[in-house]
Amino acid sequence: MHDVRRRHRLVGRSLDGSVVGPLIGAACAAASVLALVLALGPGGRSADGLLHDNVLNNAVNGVTLGLLAAVLTRLRPVNRVGWLVLGVAWCNGLAVLGEGWALASYPLSLPGRGAAAWLGSWTWAVGLIAGVTLLPLLYPTGRTSSRSAHRLAVAVVVPTVLLGVGLALLDQSYDAAVPGHHLGVNPLSQGRFQPLLGGLAVAGALVALLLGLVIWGHTLRRLWRAQSPEREQLAWLLAMVVPVVVTAPLNLPWVSFSVQAVTPVLLLIGIVRHDLFDIKAFLRSGLLYGALTLIAVAGYFAVVALISTFTPRGTVPSIFAAAAVALVVVPLHRWLQRWVGRLVYGDRRDPIRALARVGRGMSGAAGDATGMLSMLTGVADALRSPYVCVTAVDGTLLAEAGQHGDHRLHLVELAFGGDDVGRLGVAPRSTRDRFGTVDRRLLDVLSGPVAAALHAGMMTQQVAASRGRVLAVREAERSRLRADLHDGLGPSLSGIALGLEAAQASVLDRPERVAEMLPVLRHEVDALVTEVRGIIDDLGPSRVDLVAALRGQVESLTATGHAIAFIHGGPCDGLPDDVAVAAQRIAAEALSNAVRHSGAARIGVTLAGAADALTVEVVDDGCGTPAPRPGGVGLASMRRRAESVGGVLDLDATPGAGTRVRAVLPTGAR
């Protein structure tokens, strides 16, 4: 049982990418070395011949890329870049192995000469297209960075298939696969459809060239917009490609061979240890002089070709071409230097451009977080920073742009009008980088607009908060005023209305009773006028004589024919103003409700003072609690008044047996 489990573990490890990939990569390197041994030994080829036929370069690619793929698939088994490099390595290794095996088959009588030559005739082209087009699309994560990049990756399949099928079936490519020997007709096509196959191969090569230009333009655009660490990783990719591109047109085979042997290591560094060295210096000089070299060489040959169509062949076209290139290179060098410097270091040499970036978001920064984010994005773009943030004076994060990562922030104090408003934190371009003098000066320039926008945003927030408080106070005052009108003026006006109604009913039969009622009503009106003046003066009376106020209201309602008893006892003087006002409003509202709605024959009002509380109670023998009136505020108003001074209000009602309203209001310290 133990042996079975062990075998399962071994099989699982052998199927694991971290084990299979290194084995296949090492096998590719070994096959490429074997191919060189066969070609140089029994095959009879010379090193110079292999170098000029690019066979030696393919062999070096098979070895270096095979070893590189072995390391990548071991360290990053889920990253597709390692497996792509492994496929490209085997395409180069099979091409070299096919030629070496076919050459060695003549003196050694090895089998499979035709199959080996056929493999060597087309696999190198598939590897070349895949390496040039797919690698920048999948680098560095093994996934395409956008939908357009994914579409380009899918489109690459078409020229790869066209070129691969065309070369695999062409008689010409098969016959030339083994230098110095003629193999004849391609065994697969048997000499048929050769013009069509040649057209397929040419079409595939042209489409691959166009797609390659588009893909590398897309890669440069990614580099321009990328943030750390993707920017540094893409820089390592360019560091691998630029030397190859620069040395390719120089017609120096051994130099190109040496560059191709060394540069694949940079691909590994970019994926595994992109922060190992500061890549910006190379990126700046490499892009600058690499682009200048390509433009100069292309311009030279273009001018030579143009002048040669009008003049005889000789040294004249070359002289004119050299002069034209010299006149163009100097101003072009200045323009490229500015462009590359802006790509690597941002706008530190152009503060006006940097201010324009930041200013585009300033208009919306005061009232919208999106505007502040736009300003911070402008700061990040101006300095090529991966992360920028703004914090308040107490350290609270207000806004941020980018990803912090492991960067150590460079902090700039933000001040406006002599007051500190916050801090601006900017991460260097890489974890190993530090801002220089020019960068710090640019930061000082950019911090001014950010501080102004931050101060404006703080003022906007304070104004909004103040407006909210004003609205809340106004709403609270409206509610209080409504309660005062309902609980104070409402019951008083109801009592006067009832008194006038009783006076009107008695004016003919009992004029002496009317004479008794009019002074009471006059007193009630005077109290009502005083109440209105108090509300007008300060939106509510600050002091009230509780016993006198309740006695006056009871007398006013008694004069209308209602039997109302008023009893008070205990200390009812010297009460806190808010407690006295609340007690008077609650008693007046309960008394008014009993008179108007209960139909009671007897009503009792009790005011009982104690050392720490005041009890207000209104009892009637009416019908009990009536149905709530839509929009009424009586009961809710009484309850709010009791709770506003820390008291409680209870309502007991029995249909047909009357209602009791009882409020207990604390009079001590609250």
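The values are calculated or read from the model by the stated rules, or taken from the named source; none is laboratory data. Remember, it's a predicted structure, so these values are computed and weren't measured experimentally. Cβ: placed from backbone, ideal geometry, glycine included. Neighbour counts: every protein chain shown. The area values use the complete protein model at the heavy-atom level, side chains included, leaving out ligands, DNA and RNA. Shrake-Rupley method; radii C 1.70, N 1.55, O 1.52, S 1.80 Å.
Looking only at residues that are crowded, with 22+ Cβ neighbours inside 10 Å and aromatic (Phe, Trp, Tyr) in the range 84-126, which one is nearest to residue 47 (Cα to Cα)?
Within the range 84-126, the match that is nearest to residue 47 (Cα to Cα) is 101.
Of all residues in the range 154-175, which are closer than 18 Å to residue 209 by Cβ and in contact (Cβ under 8 Å) with a residue 24 or more places away in the chain?
155, 156, 158, 159, 160, 161, 162, 163, 164, 165, 166, 167
Inside the range 99-157, can you point out the residues that are under 28 Å from residue 170 (Cβ atoms) and among the hydroxyl-bearing types (Ser, Thr, Tyr)? Steps first, please.
Within the range 99-157, the first condition is being under 28 Å from residue 170 (Cβ atoms), and the residues that meet it are 99-135, 152-157.
Passing the criteria: 105, 106, 109, 121, 123, 133.
Restricting the search to the range 640-655, which residues are free of Cβ contacts under 8 Å to residues at least 12 places away in the same chain and either within 16 Å of residue 481 (Cα to Cα) or outside any helix (DSSP H, G or I) (or both)?
Matches in the range 640-655: 652 only.
What are the residue pairs meeting all of these: first residue in the range 95-106, first residue at pLDDT 85 or above, second residue surrounded by fewer than 24 Cβ atoms within 10 Å (Cβ to Cβ) and of a type outside the set (A, V, I, L, M, F, W, C), Cβ atoms under 6 Å, and 6 or more apart or on different chains?
Listed by first residue and then by second, the contacts come to 95/123; 102/113; 104/42; 105/113.
Report, by residue number, each residue of the range 37-56 that is part of a helix (DSSP H, G or I) and surrounded by 21 or more Cβ atoms within 10 Å (Cβ to Cβ).
38, 39, 50, 55, 56
Would you point out which residue out of 597, 568 is under 16 Å from residue 551 (Cα atoms), modelled with pLDDT under 85 and open to solvent by 50 Å² or more (accessible area, probe 1.4 Å)?
The unique qualifying residue is 568.
Looking only at the range 127-151, count every residue that is more than 26 Å from the chain's Cα centre (by Cα) and open to solvent by 30 Å² or more (accessible area, probe 1.4 Å) and tell me the total.
Going through the range 127-151 one residue at a time, the tally reaches 3.
Mind listing whichever residues of the range 107-157 are among the hydrophobic types (A, V, I, L, M, F, W, C) and over 30 Å from residue 225 (Cβ atoms)? Give the derivation first.
Here is the first cut: in the range 107-157, the ones among the hydrophobic types (A, V, I, L, M, F, W, C) are 108, 110, 115-119, 122, 124-126, 128-130, 132, 134-135, 137-138, 149, 152-157.
Listed by number, the residues that qualify are 108, 110, 115, 116, 117, 118, 119, 122, 124, 125, 126.
Rundown of residues vs (1) within 18 Å of residue 223 (Cα to Cα); (2) assigned to a strand (DSSP E or B); (3) under 21 Å from the mean Cα position of the chain (by Cα); (4) touching a residue at least 12 places away in the same chain (Cβ under 8 Å), yes/no style:
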site	(1), (2), (3), (4)
377	yes, no, yes, yes
382	yes, no, yes, yes
389	no, yes, yes, yes
393	no, no, no, yes
400	no, yes, yes, yes
408	no, no, yes, yes
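For residue 111, work out the one condition from (1) modelled with pLDDT of 85 or more; (2) within 13 Å of residue 33 (Cα to Cα) it doesn't fulfil.
The failed condition is (2).
Suppose we filter 207, 178 for residues that are open to solvent by 50 Å² or more (accessible area, probe 1.4 Å) and not acidic (Asp, Glu); which single one remains?
207
Can you tell me which residue is nearest to residue 619 (Cα to Cα) among those in the range 555-565 that are assigned to a helix (DSSP H, G or I) and open to solvent by less than 50 Å² (accessible area, probe 1.4 Å)?
Filtering first and then ranking leaves 557.
So residue 144 fits all but one of (1) over 24 Å from residue 167 (Cβ atoms); (2) in contact (Cβ under 8 Å) with a residue 40 or more places away in the chain; what number is the exception?
Of everything listed in (1) over 24 Å from residue 167 (Cβ atoms); (2) in contact (Cβ under 8 Å) with a residue 40 or more places away in the chain, residue 144 misses just condition (2).
Just to be sure I understand, how many residues within the range 19-36 are open to solvent by 20 Å² or more (accessible area, probe 1.4 Å) and either of a type in the set (A, V, I, L, M, F, W, C) or over 24 Å from residue 263 (Cβ atoms) (or both)?
Selection size over the range 19-36: 10.
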